[in-house]
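**Student:** One structure is given below, represented as structure tokens, and several questions about it will come after.
The values are calculated or read from the model by the stated rules, or taken from the named source; none is laboratory data. Every value quoted in this text rests on a predicted model; they were computed, and no experiment measured them. Here the Cβ positions follow ideal geometry from the backbone for every residue, glycine too, while neighbour counts run over all protein chains shown. Calculation scope for accessible area: heavy atoms of the full protein, side chains included, ligands and nucleic acids excluded. Shrake-Rupley method; radii C 1.70, N 1.55, O 1.52, S 1.80 Å.
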Amino acid sequence: MARSPPRSRFDPLLFVVAALASILSSSAEIKNLKISSDSRPIILFEKFGFTPRGEVNITVSDVFVSSTLATPDPALLGFLLLADESLIQAAYDSQHKRSANSNPNPNGRCILDSTYVIRLFTLAEISRQSASLNRSFPITRPDEYSLFFANCAPETSVSMSVRTEMYNGRSDGSRDYLSVGQSPVPSLYAFFAIVYVAFFAFWIYVTLFQNRLAAQTIHHLMAGLLLTKALNLVFAAEDQHYIRQTGTPHGWDVLFYIFQFLKGVLLFTVIVLIGTGWSFLKPFLQEREKKVLIIVIPLQVIANIASIVIGETGPFIQNWVTWNQVFLLIDVVCCCAILFPIIWSIRSLRETSKTDGKAAKNLAKLTLFRQFYIVVIGYLYFTRIVVYALRTIASYKYQWVSVATEETASLAFYVFMFYMFRPAEKNQYFMLDDDQEEAAEMVLREEEFEL
């Protein structure tokens with residue numbers, strides 16, 4: 001976010017951008033944050049969905065305020081809560097009041113004074129001796145709120161340590177540190193983890209016992225993908241469970257990020273290798289196919305580093321939006337890169353079908369790879385675009401629906417991919433009768449398998 005211009009204490013545009021950025025990552029756990037010489041007019045800390053028993057606890061310490069102008073008024077710096085439905089009104093109210101002021105006073109109107117926000121406290125309430133403050137605020141109206149720090153003093157920077165707790169009280173007096181729309185997520189992850197464990201056991205049976213002679217190296221890599229996916233979900237469930245109960249992940253987040261990285265690398269690798277036909281169609285990779293892997297794997301490393309920064313920090317850091325952009329860019333590049341081997345395989349099979357006299361087999365392979373290409377595009381589009389749109393438009397009470405939808409789509413994609421490329425001595429796509437040759441030749445002449 002850009003530094004606020006000297007003539008204005010608060011830029012509503014920055015406020016809107018900060019709130020929209022929070023859609024990308026909503027944090028719930030207890031956090032200890034450090035702000036150092038930050039002059040941004042608005043800082044987003046967290047976003048949380050509250051029940052009628054919700055509460056916010058904020059501890060601020062080691063506060064230091066400096067300005068290049070006169071001594072700043074501490075009443076112009078403070079914390080506030082803002083409901084999503086009031087975001088536009090608050091930004092408009094701040095802009096309208098400032099525009100309507102005929103006096104060219106650069107101070108304008110502070111968002112802390114807006115009737116659309118819940119002002120928690122300002123730095124004027126902090127004792128000069130201790131330079132710290134601890135406050136708890138019950139939520140009287142259930143909604144999804146964003147916690148902000150507003151700096152309405154021009155040319156002023158702030159340094160401080162902030163500890164935040166947001167939670168909903170249960171009927172038994174315990175605390176739920178997950179947002180109201182995220183509470184079912186641990187159970188969802190646990191359910192899908194069980195499904196993938198069963199999937200993995202079945203795949204092991206197919207590759208090591210039922211069709212052991214037909215199993216190729218790619219099938220063992222696919223087994224590794226299922227295992228890492230199952231473990232990733234197990235650790236995600238544990239991570240979210242401990243956050244829900246105690247507000248901290250108790251180290252489960254480390255295992256989650258490790259297996260998220262392994263799962264991501266294996267998924268893209270398996271898609272690339274299947275797209276090239278490696279192992280079950282040819283025993284080697286061409287140079288250009290190797291280059292795709294050389295590009296995709298390091299990019300996945302960078303993407304997971306960005307994911308860790310996004311997940312373990314939050315929008316309060318100045319480069320948080322940049323890390324989101326890096327993650328999005330790398331994800332798009334990887335999604336595009338893994339499509340090239342499939343396209344190359346389709347074109348190669350198309351050319352081969354004209355000369356090798358095996359029209360039926362080539363037609364089956366072309367059909368298989370074209371279906372795989374379409375399904376991969378559908379999977380990438382659904383999990384990147386549709387799920388994001390669902391997460392954005394769904395009510396805060398139903399944020400878990402986007403998680404369930406994404407995991408269901410992923411499971412459907414895995415089932416399709418593993419079924420179509422399962423080990424089989426008489427795979428329907430590669431073991432066809434000679435009687436089909438003439439019909440296949442006609443299809444290959446009449447239908448173009450170009451993309």
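**Student:** If one computes the Cα centroid of the range 359-424 and of the range 325-353, what distance in Å separates the two points?
**Tutor:** Rounded to whole Å, the Cα centres lie 16 Å apart.
**Student:** In Å, the Kirkwood hydrodynamic radius of the range 106-221 over pairs of distinct alpha carbons?
**Tutor:** Radius from the Kirkwood sum: 20.4 Å.
**Student:** Further question on the same structure: What are the residues whose amide H is under 5 Å from the amide H of Phe121, where those residues sit 5 or more places off or on another chain and H is modelled from the backbone?
**Tutor:** When sequence neighbours closer than 5 places are left aside, the close amide H contacts are Phe79.
**Student:** Using a 1.4 angstrom probe on heavy atoms only, work out the carbon and sulfur share of the accessible area of the range 152-258 in %.
**Tutor:** 63
**Student:** Now a separate question. Take the Cα atoms of the range 218-314, find their three principal axes, and give me the spread along each one in whole Å, biggest first.
**Tutor:** For the range 218-314, the Cα spread along each principal axis is 52, 25, 14 Å.
**Student:** Something else about it: Considering amide H positions built from the backbone, and no H for Pro or chain starts, which residues 5 or more places from Ser132, or on another chain, come under 5 Å of its amide H?
**Tutor:** Here the answer is Ser127, since their amide H atoms fall under 5 Å of that of Ser132.
**Student:** Of the listed peptides 143-153, 286-296, 335-345, what is their order by residue-averaged count of other C-beta atoms within 10 Å, with the highest listed first?
**Tutor:** 143-153, 335-345, 286-296
**Student:** How would you rank 201-213, 218-230, highest first, on the average number of other Cβ atoms within 10 Å across their residues?
**Tutor:** 218-230, 201-213
**Student:** Order 169-178, 156-165 from most to least packed using the mean count of other Cβ atoms within 10 Å.
**Tutor:** Listed from highest to lowest mean packing, they are 156-165, 169-178.
**Student:** Oh, and also: Kindly give Rg over Rh for the range 163-204, based on alpha-carbon atoms, with the Kirkwood expression for the hydrodynamic radius.
**Tutor:** 1.25
**Student:** At Lys291 and Val332, where each label point lies 7 Å from the Cα along Cα→Cβ, what is the point-to-point distance in nanometres?
**Tutor:** For Lys291 paired with Val332, the spin-label model returns 2.2 nm.
**Student:** Could you provide, to the nearest whole Å², the per residue accessible area of the range 130-201 with probe 1.4 Å?
**Tutor:** Accessible surface, normalised per residue, equals 37 Å².
**Student:** OK, next. First measure r as the distance between the Cβ atoms of Asn32 and Ile204, then evaluate 1/(1 + (r/R0)^6) with R0 = 35 Å and state the FRET efficiency to the nearest 0.05.
**Tutor:** 0.20
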